[in-house]
Amino acid sequence: MELPLRYTKQMQELLGAEYEAYLASFAQPRQYGLRANEGKISAEKLVETGVFSLTPVPWCSAGFYYPEEERPAKHPYYHAGLYYLQEPSAMMPAALLPIEAGERVLDICAAPGGKTTQLAAKLKGTGVLVTNDISAGRAKALLKNVELSGIRNAVVMSESPRRLAERFGGYFDKILIDAPCSGEGMFRKEPDMIKNWTEEMLAFCKTQQAEILECCAGMLKAGGMLLYATCTFAKAENEDNIAAFLQNHPEFQLISPEKTPGFADGQPPLTDCVRLYPHRILGEGHFAALLQKTGTDDLPEEKRTEPSEPLPDAFRVFADQTLRMTWEGRWQTYGETLCLLPPDAPDTKGLRVLRSGWQIGTLKKGRFEPSQAFAMGLRKEEVQNVLDLPLADDRVIRYLKGETLEVPEGEDGWTLVCVDGYPLGWGKAQKGRLKNKYAVGWKWE
């Protein structure tokens, strides 16, 4: 693998005696990882299923390595949202950011959603998670992963950091910046990235990263924490950016996170940062710095929550016939779409929003139809009619392919289809047949 000369010189200066070990890591196979979605299943229970050969990732309690020959993306449990496929080192930033129940959390560069789903699991359905990506195309992938994971309390957006900063001054308890970068840490995993590496690109990334940091500074509450991460080795994009930010923002201080064996310190003088190198750990390259905002907020926080609308009658009829749960919360309709908002959801009027809260379904001509996202966020015991199929039942794959299924007669109406107790989607039963309502864009191929 041919690396740019200027890059190799940079790495020699950075690593010194470890440089040859770093070069040797390119001959080692890349690592494959998945992370249990603890919003649905515990890491221990996922291991107990025995469906994959899993080895723990040291720095993420829900993370595992799996062998390359196994294919967890082609498994019904993937379609049930029980885990997220994620490069092992990429699990580190969200693992290092302390999250408490009920907090307001921002993932500002979130697509495709790995760190968002990890943060959501830490919130355990409480608080509010604003997850954003400036790219509208990438934000669509983010939305699908939020829905697949069954996250109820997320607001999915596609806005610039500057626009968010104008709206959310002092709003968030925690912020994660997975900053766009030159990607040097991914060269082994994605060799095509090497061809795009230039010093000009590195300089462009550094400027972008500094702007994002600046925007996030004002959105964080006093006492809140910010985790800045990249998947690059360049000191200019990592420690230099953090040092300049701290110089301009004396209200922030660098916090030393708990370091797992194999983690390297940051470059002096910012040794409290974290660096991951592929010759030291089983994973690719990453950087993280944890910052805390000190002092007190100057101004009282403004009330910025969306108002609640009355619960539509069509949904009440559906709920009485189909569900086993009470419905309290803040309701909002967007066109024909009915959403249940987190209690602390922000007012997003005027911003580009893909989804506010949990999409429950659509209202058409006085009729309610439940959504795929609604099914994925439910639990089996919350629904009256359930078709719970064991993993070995061939109807699981047939359902995921969009086929009509045979079901017992006498249980007509909307039915939640599950595999081993975990929701896959909806069907509508009538006279012993289940009309398939699985989302068209999600079907098994």
*Out of (1) among the hydrophobic types (A, V, I, L, M, F, W, C); (2) part of a helix (DSSP H, G or I); (3) modelled with pLDDT of 95 or more, the odd one out for Val317 is which?*
(3)
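Could you grab me the full set of residues in the stretch 116-128 that are under 23 Å from Gly169 (Cα atoms) and under 10 Å from the mean Cα position of the chain (by Cα)? Quick ask: steps written out before the conclusion?
Applying the first criterion (under 23 Å from Gly169 (Cα atoms)) to the stretch 116-128 yields 116, 119-120, 123, 126-128.
Within the stretch 116-128, Thr116, Leu119, Ala120 meet the criteria.
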*asked:* Quick check on my filter: what residues within the stretch 415-432 are closer than 21 Å to Phe368 by Cα, open to solvent by 30 Å² or more (accessible area, probe 1.4 Å) and modelled with pLDDT of 95 or more?
replied: Lys428
*Select from the stretch 163-218 the residues that are farther than 17 Å from Ser89 by Cβ and of a type in the set (Val, Ile, Thr) and write down the one among them that is surrounded by the most Cβ atoms within 10 Å (Cβ to Cβ).*
Ile175
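Quick check: anything in the stretch 170-190 part of a helix (DSSP H, G or I), free of Cβ contacts under 8 Å to residues at least 40 places away in the same chain, closer than 22 Å to Cys231 by Cα and out of contact with any helix residue (DSSP H, G or I) (no Cβ under 9 Å at 6 or more places or on another chain)?
Taking the stretch 170-190 first, the residues part of a helix (DSSP H, G or I) are 184-186.
Now narrow it down to the ones that are free of Cβ contacts under 8 Å to residues at least 40 places away in the same chain: none.
Checked against the condition, which is being part of a helix (DSSP H, G or I), free of Cβ contacts under 8 Å to residues at least 40 places away in the same chain, closer than 22 Å to Cys231 by Cα and out of contact with any helix residue (DSSP H, G or I) (no Cβ under 9 Å at 6 or more places or on another chain), the stretch 170-190 yields no hits at all.
Which ones in the stretch 400-419 are part of a loop (DSSP other than H, G, I, E, B), under 24 Å from Gly441 (Cβ atoms) and of a type outside the set (Gly, Ala, Ser)? Explain how you work it out, then say what you get.
At the first step, the residues of the stretch 400-419 found to be part of a loop (DSSP other than H, G, I, E, B) are 401-404, 407-412.
Within this subset, residues satisfying the condition of being under 24 Å from Gly441 (Cβ atoms) are 401-404.
The answer is Lys401, Glu403, Thr404.
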*Tally the residues that are buried (at least 19 other Cβ atoms within 10 Å of the Cβ) and farther than 25 Å from Met91 by Cα, restricting the search to the stretch 11-59.*
0
*Filter the stretch 198-248 for residues that are assigned to a loop (DSSP other than H, G, I, E, B) and of a type in the set (S, T, N, Q) and give the result.*
Thr198, Thr232, Asn238
_Residues satisfying the stated conditions in the stretch 268-299, i.e. open to solvent by less than 40 Å² (accessible area, probe 1.4 Å), assigned to a loop (DSSP other than H, G, I, E, B) and in contact with a strand residue (DSSP E or B) (Cβ under 8 Å, 6 or more places away or on another chain)_ = Leu270, Cys273, Tyr277, Gly283, Glu284, Gly285
_Looking at the stretch 68-81, can you tell me whether even one residue there is open to solvent by 30 Å² or more (accessible area, probe 1.4 Å), aromatic (Phe, Trp, Tyr) and either touching a Leu at 6+ places or on another chain (Cβ under 9 Å) or more than 26 Å from Lys443 (Cβ to Cβ) (or both)?_
yes
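Among strands (runs of 3 or more DSSP E) lying entirely in the stretch 75-154, which contain 2 or more residues that are β-branched (Val, Ile, Thr) and farther than 23 Å from Leu351 by Cα?
Of the strands (runs of 3 or more DSSP E) lying wholly inside the stretch 75-154, none has at least 2 residues that are β-branched (Val, Ile, Thr) and farther than 23 Å from Leu351 by Cα.
The values are calculated or read from the model by the stated rules, or taken from the named source; none is laboratory data. In this text the structure is predicted, and so the values were computed from the model without any measurement. Positions of Cβ are backbone-derived with ideal geometry, glycine not excepted, and every protein chain shown enters the neighbour counts. Remember, those area values only see protein heavy atoms, side chains included, never the ligands or the DNA or RNA. Shrake-Rupley method; radii C 1.70, N 1.55, O 1.52, S 1.80 Å.
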